[in-house]
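**Q** Could you have a look at this structure, given as structure tokens, before my questions?
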Amino acid sequence: MRRLERFENLVQMFFARAREKGDAPFLWHKAGGKWQPTSWAEAARQVASLSAALTALGLKRGDRVMLVSENRPEFCISDLAIMAAGCVTVPTYTTNTERDHQHIIENSGACAIIVSNGKLAKTLLPAAIRASSARMIIGLEDLRVGQQSSLEFHDWRALIAKHDTDPRGVSCNWRREDLACIIYTSGTGGSPRGVMQHHGAILCNVEGCCTIISEDFGWEEEVFLSFLPLSHAYEHTGGQFFPIGLGAQIYYSEGLEKLASNIEEVRPTLMVVVPRLFEVLRTRIVKQVEKQGNFANFLLDKAVAIGGRKAAGNSGLRDLPMNLLLGATLKPKLAKKFGGRIKAMVSGGAPLNPEVGIFFQSLGITFLQGYGQTEAAPVISCNRPKAGLKMDTVGPPLPDVEVRIADDGEILVRGELVMHGYWRNEEETKRVLKDGWLYTGDIGHIDEKGRIKITDRKKDIIVNDKGDNVAPQKVEGMLTLQPEIVQAMIAGDKKPYMSAVIVPDPEWTAEWCAHTATKCDFKELSHDPDYKAALGAAVERVNKDLSVIERVRKFIVADEPFTIENEQLTPSLKIRRHILKAVYGDRLDALYRTNTPPLEDPKKD
């Protein structure tokens with residue numbers, strides 16, 4: 001059984017693997033319709049060269065460097081080079097608005113920014129120009145800047161060529177407690193908070209995950225398909241540094257539209273995903289089987305029924321004949337859809353419906369649900385076959401991670417994986433870090449086999465089906481600034497986009513009715529298409545200043561204003577989410593089942 005060596009920092013781990021692997025392929029991307037590799041040795045040379053270039057440009061130890069890029073080999077190389085130079089990576093979403101970028105640049109004090117292309121630079125550059133700290137922009141591709149400004153502009157490949165450096169000469173004297181990256185996550189007030197992840201926090205995650213693979217599956221030549229944004233802590237650790245620890249190959253997906261074909265081409269052994277992907281794949285599988293006729297549907301029904309009994313502990317010898325039939329017919333065909341050599345698909349970043357997990361387990365796909373937070377680098381626990389898979393739990397804690405349940409049921413976490421705090425936010429740091437324990441804000445308990453079961457969430461943050469965090473107060477506040485809207489509550493937990501309950505402003509409503517010669521009956525107006533279109537225009541104005549994940553795609557009109565009397569407001573005039581969800585929950589859920597087009601088609605983003 002192989003164990004991961006103890007490394008002092010992430011860069012040291014990478015260079016150790018690069019020396020072992022040499023000219024073996026490491027990073028893969030699609031170009032000209034073919035998968036093109038970058039070897040470990042070439043990646044190491046580029047990391048060393050870019051690191052030397054950053055130092056030559058005047059960057060010093062501890063300086064923050066923002067990284068704005070899609071998933072591609074250059075992201076990984078840039079991330080490692082920033083850290084090799086002793087600097088701190090600030091990965092940010094490609095979907096960020098100009099305002100988001102400016103907040104993160106100003107808050108982090110980033111003095112340099114690496115951006116992938118001109119399209120992303122259009123949103124980034126105005127923020128960088130206004131920011132007081134930013135000095136230089138490095139483009140992975142030609143940014144086609146029409147006019148110079150106070151910022152220096154550099155070409156990524158030219159810098160590497162100019163500062164060609166032997167990886168053997170790179171000093172890796174950073175300690176495990178030194179800051180590696182700042183990953184921004186939404187706070188309850190709406191302003192993203194910078195989570196300070198040190199080298200040891202991510203290494204603790206990698207060491208724990210490698211132990212699971214080694215003990216439960218066997219550590220061999222692993223292949224990953226990277227799909228989730230690398231700016232997300234889950235993919236940053238699980239889809240980048242975990243594979244590096246394993247000495248694995250990483251293929252970068254071409255996107256959601258081509259994900260299914262990429263899986264068949266790449267044939268990954270491990271894949272880090274979010275529940276929404278499984279829900280999409282489940283729907284596709286069911287539709288494909290339905291087209292194959294009665295016998296195929298019969299087999300699928302039997303497989304899921306047996307899987308359900310097995311999950312409940314009721315499967316026995318009576319299921320053996322059907323299992324043999326399924327193993328010779330249905331399961332091999334479906335296994336091929338996943339490449340044929342998948343060891344496990346690991347779900348995290350958002351809560352999973354246990355039925356989805358049981359469905360895939362029924363088809364022979366080992367399905368592991370994990371639990372974590374950006375503040376814990378981010379993996380806290382993961383289901384393990386040796387501990388017994390139970391889909392309504394998130395498994396036992398990783399090795400060297402302590403978990404206990406507070407008196408009020410809150411899950412507390414302690415260990416090297418816990419962040420050192422929020423960047424320049426002492427108040428929030430004190431709120432969640434107490435006596436070395438991370439107060440997660442999640443409610444749960446630990447079962448008889450040491451597995452964590454999450455039952456509720458104390459905080460209001462909405463986690464969509466892709467694992468992205470949305471601070472509802474920010475969006476609601478922006479909606480209620482519109483003259484048409486007086487109150488609002490957004491929803492979208494475990495959903496593909498945000499929806500809302502809107503209370504129209506009564507004065508604006510009266511004016512609209514007078515202008516359109518419409519009877520001012522509130523209940524009738526809520527079904528008036530012209531009235532709803534006018535409200536929709538207000539929502540669309542707000543959406544223009546929101547990131548893709550925050551935008552409200554559909555809404556319903558409230559039956560009445562939120563008041564203290566109807567218990568939809570607290571005495572301090574805060575909305576009572578649980579009351580509003582009880583009143584409007586079914587109607588909000590129905591929005592996701594209707595064919596009514598959203599205000600803005602998410603596919604266009």
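Each value in this text was obtained by applying a stated rule to the coordinates, not by laboratory testing. Computed from a prediction, not measured in an experiment: that's the story for all the values here. Note that each Cβ is placed from the backbone with ideal geometry, even for glycine, and that neighbours are counted across all protein chains shown.
**Q** If one computes the Cα centroid of the range 518-596 and of the range 3-64, what distance in Å separates the two points?
**A** Each part's Cα centre sits 49 Å from the other's.
**Q** Here's something else I'd like to know. Please identify the GluC sites (Glu not before Pro) of the range 239-302 that satisfy two criteria: DSSP loop assignment and at most 14 other Cβ atoms within 10 Å. Which are they?
**A** Passing sites in the range 239-302 do not exist.
**Q** I'd like the distance separating the alpha-carbon centroids of the range 150-182 and the range 369-426, in whole Å.
**A** First find each Cα centre; the distance between them is then 32 Å.
**Q** A further question on this structure: Looking at the range 245-457, what % of its DSSP beta bridges pair antiparallel, to the nearest 5?
**A** Roughly 70 percent of the beta bridges in the range 245-457 run antiparallel, per DSSP.
**Q** Kindly state, to the nearest 0.05, the FRET efficiency for CYS513 paired with LYS119, given R0 = 30 Å and r defined as their beta-carbon distance.
**A** With R0 = 30 Å, the Cβ-Cβ based efficiency is 0.10.
**Q** Relative contact order (percent) for the chain, with alpha-carbon contacts under 8 angstrom and 6 or more residues of separation?
**A** After rounding, I find 11 percent.
**Q** Within the range 530-588, report the trypsin sites (Lys or Arg not before Pro) that DSSP leaves as loop and that have at most 11 other Cβ atoms within 10 Å.
**A** Those satisfying the criteria are LYS544, LYS574.
**Q** I would also like to ask the following. DSSP loop trypsin sites (Lys or Arg not before Pro) in the range 419-459 with at most 15 other Cβ atoms within 10 Å of their Cβ, which ones?
**A** ARG424, LYS449, LYS458, LYS459
**Q** Straight distance only, please: which lysines reach the Cα of LYS434 with their own Cα at less than 20 Å, same-chain residues fewer than 8 apart left out?
**A** Output for LYS434: LYS458, LYS459.
**Q** Just to confirm my understanding: which cysteines in the chain have no other cysteine beta carbon less than 4.7 Å from their beta carbon?
**A** Lacking a cysteine Cβ partner under 4.7 Å: CYS76, CYS87, CYS111, CYS172, CYS181, CYS204, CYS209, CYS210, CYS382.
**Q** When Rg is the radius of gyration of the Cα atoms in the chain and Rh is its Kirkwood radius, what does Rg/Rh come to?
**A** On the Cα set of the chain, Rg over Rh gives 0.98.
**Q** Which of THR374, ALA52, SER149 sits closest to the plus end of the dipole of the chain, meaning its Cα is farthest towards the positive end, when Lys and Arg get +1 and Asp and Glu get -1 on the C-beta?
**A** So the residue we want is ALA52.
**Q** Next question. Would you work out which of LEU412, LEU317, ALA248 lies farthest towards the positive end of the dipole of the range 245-457? Charges go on Cβ: Lys and Arg +1, Asp and Glu -1.
**A** The residue sitting farthest along the positive end of the dipole is LEU317.
**Q** Strictly over 20 Å apart at the Cα level, which of LYS258/LYS466; LYS519/LYS574; LYS258/LYS336; LYS30/LYS162; LYS430/LYS495; LYS34/LYS258 would you flag in this model?
**A** Checking Cα-Cα distances, LYS519/LYS574; LYS30/LYS162; LYS430/LYS495 exceed 20 Å.
**Q** Taking every pair of distinct Cα atoms and averaging 1/r, then inverting, what Kirkwood hydrodynamic radius in Å comes out for the range 93-171?
**A** Computed over Cα pairs of the range 93-171, the Kirkwood hydrodynamic radius comes out at 13.4 Å.
**Q** What do the square roots of 5 times the Cα gyration tensor eigenvalues come to for the range 471-604, in whole Å, largest first, as semi-axes of the equivalent ellipsoid?
**A** The three semi-axes for the range 471-604 are 21, 19, 14 Å.
**Q** According to the Cα gyration tensor, what semi-axes, each the square root of 5 times an eigenvalue, does the equivalent ellipsoid of the range 144-295 have, listed from largest to smallest in whole Å?
**A** They are 34, 23, 20 Å, listed from largest to smallest.
**Q** With both partners inside the chain, how many of the DSSP beta bridges are antiparallel, as a percent to the nearest 5?
**A** Percent antiparallel among DSSP bridges in the chain is about 50.
**Q** Counting only helical runs of four or more DSSP H residues, what would the 222 nm mean residue ellipticity of the chain come to if each run contributes -39,500 (n - 2.57) and the total is spread over all its residues?
**A** Rounded to the nearest 500, it is -11000 deg cm²/dmol.
**Q** With +1 on each Lys and Arg Cβ and -1 on each Asp and Glu Cβ, how big is the dipole of the range 471-604 about its Cα centre, in debye rounded to the nearest 20?
**A** Dipole size: approximately 720 debye.
**Q** Can you list the HN-Hα couplings for the range 507-514, worked out from phi with the Karplus curve (6.51, -1.76, 1.60; θ = phi - 60°), rounded to whole Hz and with x for Gly and Pro?
**A** For the range 507-514, the Karplus curve yields 5, 4, 4, 4, 5, 5, 5, 5 Hz.
**Q** Another question, if that's okay. I'd like to compare 84-90, 365-371: which one has the highest average count of other Cβ atoms within 10 Å, and what's the full order after that?
**A** 84-90, 365-371
**Q** Would you please give the residues with an amide H less than 5 Å from that of GLU152, counting only those at least 5 places away or on a separate chain, with H modeled from the backbone geometry?
**A** MET136, ILE137
**Q** Here is a further query. Quick one: check the C-alpha center-to-center distance for the range 82-140 versus the range 185-261, whole angstrom.
**A** 22
**Q** Please report, in whole Å, how far the alpha carbons of the range 245-457 spread along each principal axis, starting with the longest.
**A** Extents along the principal axes, in whole Å: 61, 41, 28.
**Q** Also, I was wondering about something else. Please state the charge dipole magnitude for the chain, taken about the Cα centre, from unit charges on C-beta atoms (+1 on K and R, -1 on D and E), reported in debye and rounded to the nearest 20.
**A** Dipole of the chain, to the nearest 20 debye: 1680 debye.
**Q** Quote the FRET efficiency, to the nearest 0.05, computed for ARG168 versus LYS258 with a Förster distance R0 of 51 Å and r equal to the Cβ-Cβ distance.
**A** Computed FRET efficiency for ARG168 and LYS258: 0.85.
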